[in-house]
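The values are calculated or read from the model by the stated rules, or taken from the named source; none is laboratory data. Predicted, not measured: the structure shown is a model, and the values here were computed from it. Virtual Cβ from ideal backbone geometry, glycine too; neighbours counted across all protein chains shown.
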Amino acid sequence: MTFPWKKLRSHASVAAAVLGVAALLGSATRADRPYAPSRDYHLENVRVALHFDIDQRKVIGDVTHTLSTLHAGLTHLDFDCAELTVSSARVNGKDAPFDLREDKLHVQLAQPAKAGEKFEVELKYEGKPTSGLYFILPDKDDPGRAKEIWTQGEAEDTHHYIPIYDYPNDRTTSEMILTVPGDWLTVSNGKLLNVQDAPDGQKTWTWRQSLPVSTYLISFVAGEYKEKKDTWHNIPISYNVPRGMEDTIDTTFSHTKEMLDFFSDRFGVQYPWEQYAQTAVYDFVASGMENVSATTLAARDMVHADLASEKPEAADSLISHEMTHQWFGDLVTCKDWTNTWLNEGFATFGATLWEEHYYGADASSYRYWREQNSWMQSRELYPIPIVTRDINDSVEYVGNVYDKAGWVIHMLREQLGDEAFFRALKHYLEANRLQNVVSADLAKAIEESSGTNVDQFFDQWIYGAGAPRFIVRSTYDDAGRKVSLSIKQTQKVEAHVGLFRVPVEVSITTSKGEKNFPIEVSKADETFTFAVDGPPLMVLFDKGDKILKSVDFQKSPEEWIRQLRTASDVPDRADAAFALGLLRDNEAAANALGEAAQHDKFWGVREEALRALGRINSQPARKQVLSALSNDQPWVRAVAVEQLGRFHSDDEIDKRLQNIYKDDKAYSVRGAALQSLALDKAPNSEPILERALMTPSPDDVLQSAALRAMGSLADNSVVSALMEWSSPGKPSALRSVAIGSLGHVDLKNHDITARLISYLNESSFDIRFAAIFALGRRGDPTAVEPLEAMLKTGQVGIGVPHALEDLIAQLKGQGGPQKGLSGADQKNGDAVSSNNQAVLDRLDHLEQQLTDMNDRLRRIEASLPGSKSD
Ligand SMILES: [Zn+2]
């Protein structure tokens, strides 16, 4: 799913995304249990008491399950249980024999159970889990950091800290009793019942979740936290951050209550839980997790107060995504991971719904336009249906259940109309409240509430794969005053991809005004004719971009220019900007783009016009970009500055970039200037980057930009700085960037390779992944052995093993970093033989996919000056 110009080079965010994928879906989940398991019992309540040996990273637990059997004749009760040592089991108060085999704890019953028989099973255990439960403690990189313990249950990791039934297809109430140091705060699900003194200056916190939920949604966070409290309709609201991050609370969470109102109203069902807590944790394995009534967020996604004005929508995308899950995911939960889109597609849709409400329809339609282009370009995602039980590569699966599913729900809304669509959502939520669902439950709710049969829609968009790829040609018959549109569906019809039947609005503007013609397209090749009152000035196919698709529609430069200037919808103007960016020797196109870059009423079109000018890369384009550098919004300005890095280096541009770096008010724009200076290979850029490394900035934005720019400069003069900043002891986020940049410099230097190899053993995933990408970039075969060792650990995340195997095979075949290099390659500082280019492309592609997915939640492009246009 790539937008070529959205490529980000943040290795840290890639690592976070890899982990996010792993955590959200779990590598075993898809492969081993595509179907929900049959159940022996229904879990009614889970009461779990935990305390910790913090220095030993050990959890000590006592869990009591209340359950009732679902069929007769059971001789034992099974619980999922991994990385835990169970010391005792009691059934209805009596000791019971038990054994642990292959992550299942079998507890013997005294005699075969009857159907519907109730049991209380108490288990005592302890363990040092490596997933499910995480201890974040001060270390040499960050000796002063706040201590934290937090959990991540999805997909199936709760059983790494509680022996439990660990699949979504059952729901239980729960009690979480946490004994922690007296000055710590805890956050868990539902309602805080009490906090009591415990021995050794500790305190015991008791939480109760009184409505039943799937066990992956059980969670807690405990640690040295600062809390801000509020209420919403008498429900406690809290915002919790690690001590030291208090400044981020207001800039990150300020829209929470308004969002709760908005979603309660829009979904037609009041927010259903007893509190809403949002808690930021360090080193989180995703950007956010919708634990029931207690969302966990990544501390790195909190918005620094000094950077808030540089981000178009703060952290709203993430906050609204997780909040939507409180209805779609938590109140109504997918029955198995095959139906994850019912969680993630709706959360993605909900975030854009909030964006439309708060930031306007231009912002949301621009987001859909970008996601469409990115998704349509992904050859891996295209042939796979949203619902499939036959998936080997979960990375691709994730791309469909988030982005494509969000788009599909958006289309459903367009086709049903708001009144019927939102009534259907309300009915779906009410009919399936506190239950687990499959896709058919949604189709049924829509039909029941609106009478509309959506079977065909579901067949092509949910159970079928792909999307239409149109070729459209328009002709005008002056004598008959008719416009004819020839429309072809050119996607290859095979496997899960068919011909699409879609409603499309055709808009034709003449000198007398605009007329809209609704049509239904369903054939491989068809022609529609429209009566008009004069020669067409502008013809739009799918006005406003309501259908997920790609379109090849040939138009004259004049038509595109008119469309850029006058089309009412953002996607149509953005399409025109893109098309004009392909016209290299057309000064009128450059001028029109320049005008749009400065004056289009929506910032996204201004950005697209700037990117188009960057692609044109001519003298007139250069002039237009220079004129657009004073754009009000910092994120638009950053895009303009990025384009300057694409033009041939000259003194004027270098001077402008240096001044922007010195004077711009926005850190992200200053960072973009560093990156462009480096890409220009501007003289003197190395000392400027060195100085930037010493310049303090919020969230280390400038330092990070300087380190990234050093990689783009790819000059041996920056090696010592990159080596220093890659070392343990420097902030982890900056280390990751420095490591990434080491992939681009002094490629014959085996000391760099050796250093990168040493980072493969570090505990931090961010560092390890940055090192993998950098080693791949360098093409050095001494990396083979450590990469193979890393692959064997199995701890590399979904999608990564394939890329790692390819990389290893290629490095083996290559024989040495110098081999296979042309003079030109070496001059470019790029150790890429054509031989391993395919591997690098694959690594880049993986990086791209993961980054884009992460970006979906994080809106980081505005804050990452290193994002590189193409
Ligand atoms: Zn989600």
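Per the conditions (1) farther than 30 Å from ASP632 by Cβ; (2) within 16 Å of the ligand (Cβ to nearest atom), the sole criterion not satisfied by ARG389 is (2).
The residue pairs whose first member lies in the range 281-292 and is more than 16 Å from ALA222 (Cα to Cα), whose second member is outside any strand (DSSP E or B) and near the ligand (Cβ under 8 Å from one of its atoms), and whose beta carbons are closer than 7 Å, counting only pairs six or more residues apart or on different chains, are ALA286/LEU24; SER287/LEU857; GLY288/HIS321; GLY288/GLU322; GLY288/LEU857; GLU290/GLU322; GLU290/HIS325; GLU290/GLY329.
Close contacts from the range 159-182, counting a first residue that is β-branched (Val, Ile, Thr) and a second that is outside any strand (DSSP E or B), with Cβ to Cβ under 6 Å and a gap of 6+ residues or different chains, come to ILE164/THR158; ILE164/THR215.
Restricted to strands (runs of 3 or more DSSP E) entirely inside the range 51-123, those with at least 3 residues that are within 15 Å of ILE162 (Cβ to Cβ) are 58-69, 76-80, 84-91, 104-108. No other residue among ALA774, ALA682 is outside any helix (DSSP H, G or I) and aliphatic (A, V, I, L, M) apart from ALA682. Taking the criterion of being in contact with an Asp or Glu (Cβ under 9 Å, 6 or more places away or on another chain) and either modelled with pLDDT under 95 or not polar (S, T, N, Q) (or both), the residues of the range 345-355 that qualify are GLY345, ALA347, ALA351, TRP354, GLU355. Selection of the range 350-362 for residues being more than 11 Å from the ligand (Cβ to nearest atom), under 19 Å from the mean Cα position of the chain (by Cα) and not acidic (Asp, Glu) yields THR352, LEU353, TRP354.
Screening VAL401 with (1) in contact with an Asp or Glu (Cβ under 6 Å, 6 or more places away or on another chain); (2) away from the ligand (no atom under 16 Å from the Cβ); (3) not aromatic (Phe, Trp, Tyr) gives one miss only, at (2). Take THR69 and tell me if it is crowded, with 17+ Cβ neighbours inside 10 Å and among the hydroxyl-bearing types (Ser, Thr, Tyr). So THR69 fits the description; yes.
For ASP403, the requirement of being among the acidic types (Asp, Glu), more than 29 Å from SER374 (Cα to Cα) and touching a Ser or Thr at 6+ places or on another chain (Cβ under 8 Å) is not met. Suppose the filter is closer than 30 Å to PRO272 by Cα, more than 14 Å from the ligand (Cβ to nearest atom) and of a type outside the set (Asp, Glu); does SER365 pass it? Judged against the criteria, SER365 is a match. Filtering PRO242, PRO236 for residues that are more than 18 Å from PRO272 (Cα to Cα) and either among the aromatic types (Phe, Trp, Tyr) or at pLDDT 95 or above (or both) leaves a single hit, PRO242. Among the residues of the range 241-264, those that are among the hydroxyl-bearing types (Ser, Thr, Tyr) and either outside any helix (DSSP H, G or I) or in contact with a strand residue (DSSP E or B) (Cβ under 8 Å, 6 or more places away or on another chain) (or both) comprise THR248, THR252, SER254, THR256.
Evaluate the following for GLU156: is it buried (at least 17 other Cβ atoms within 10 Å of the Cβ), within 29 Å of SER763 (Cβ to Cβ) and touching a Pro at 6+ places or on another chain (Cβ under 7 Å)? Considered against the rule, which asks whether it is buried (at least 17 other Cβ atoms within 10 Å of the Cβ), within 29 Å of SER763 (Cβ to Cβ) and touching a Pro at 6+ places or on another chain (Cβ under 7 Å), GLU156 comes out as no. If the condition is being within 11 Å of the ligand (Cβ to nearest atom) and either without any contact (Cβ under 8 Å) to a residue 60 or more places away in the chain or assigned to a loop (DSSP other than H, G, I, E, B) (or both), then the range 293-323 contributes THR295, GLU322.
Identify, from the list ILE162, ILE177, the residue that is modelled with pLDDT of 95 or more, in a loop (DSSP other than H, G, I, E, B) and more than 24 Å from the chain's Cα centre (by Cα).
The match here is ILE162.
Return a yes/no flag: does the range 187-199 have any residue that is at pLDDT 95 or above, of a type in the set (Lys, Arg), crowded, with 17+ Cβ neighbours inside 10 Å and in a strand (DSSP E or B). No. Assessment of the range 684-693 against the conditions (at pLDDT 95 or above, on the phi < 0 side of the Ramachandran plot and of a type in the set (Gly, Ala, Ser)) yields at least one matching residue.
Does TRP407 count as within 16 Å of the ligand (Cβ to nearest atom), in contact with a His (Cβ under 9 Å, 6 or more places away or on another chain), among the aromatic types (Phe, Trp, Tyr) and not in a loop (DSSP other than H, G, I, E, B)? Quick ask: steps written out before the conclusion?
Numbers: within 16 Å of the ligand (Cβ to nearest atom): yes; in contact with a His (Cβ under 9 Å, 6 or more places away or on another chain): no; among the aromatic types (Phe, Trp, Tyr): yes; not in a loop (DSSP other than H, G, I, E, B): yes.
So TRP407 fails the test.
Taken together, the criteria exclude ALA465 from residues that are in a helix (DSSP H, G or I), crowded, with 19+ Cβ neighbours inside 10 Å and touching a Phe, Trp or Tyr at 6+ places or on another chain (Cβ under 9 Å). For the residues SER287, SER219, the requirement of being crowded, with 24+ Cβ neighbours inside 10 Å, at pLDDT 95 or above and within 16 Å of the ligand (Cβ to nearest atom) singles out SER219. Of the candidates THR509, THR475, the single residue that is surrounded by fewer than 13 Cβ atoms within 10 Å (Cβ to Cβ) and assigned to a strand (DSSP E or B) is THR475.
One line per residue, one yes/no per condition, for (1) crowded, with 21+ Cβ neighbours inside 10 Å; (2) under 26 Å from GLN202 (Cβ atoms); (3) touching a Phe, Trp or Tyr at 6+ places or on another chain (Cβ under 9 Å):
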{"residue": "VAL107", "(1), (2), (3)": "yes, no, yes"}
{"residue": "GLN111", "(1), (2), (3)": "no, no, no"}
{"residue": "ALA115", "(1), (2), (3)": "no, no, no"}
{"residue": "GLU120", "(1), (2), (3)": "no, no, no"}
{"residue": "GLY132", "(1), (2), (3)": "yes, yes, yes"}
{"residue": "ASP141", "(1), (2), (3)": "no, no, no"}
{"residue": "GLU148", "(1), (2), (3)": "yes, yes, yes"}
{"residue": "ILE162", "(1), (2), (3)": "yes, yes, yes"}
{"residue": "SER174", "(1), (2), (3)": "yes, yes, yes"}
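Counting only helices (runs of 4 or more DSSP H) that sit wholly inside the range 588-663, those with at least 1 residues that are out of contact with any helix residue (DSSP H, G or I) (no Cβ under 6 Å at 6 or more places or on another chain) are 603-616, 619-627, 651-663.
Checking each residue in the range 225-235 for being assigned to a strand (DSSP E or B) and more than 18 Å from LEU297 (Cα to Cα) picks out ASP230, THR231, TRP232, ILE235. Of all residues in the range 324-348, those being outside any helix (DSSP H, G or I), within 18 Å of TRP461 (Cβ to Cβ) and within 8 Å of the ligand (Cβ to nearest atom) number 0.
One residue stands out in the range 315-344 among those that are under 17 Å from GLY406 (Cβ atoms) and among the charged types (D, E, K, R): the one that is modelled with the lowest pLDDT, namely GLU344.
Figure legend. Inter-residue proximity from the range 756-767: first residues under 13 Å from PRO728 (Cβ atoms) and at pLDDT 90 or above, second residues of a type in the set (D, E, K, R) and not in a loop (DSSP other than H, G, I, E, B), beta-carbon distance below 7 Å, spacing 6+ or different chains. Indicated pairs: TYR759/ARG768.
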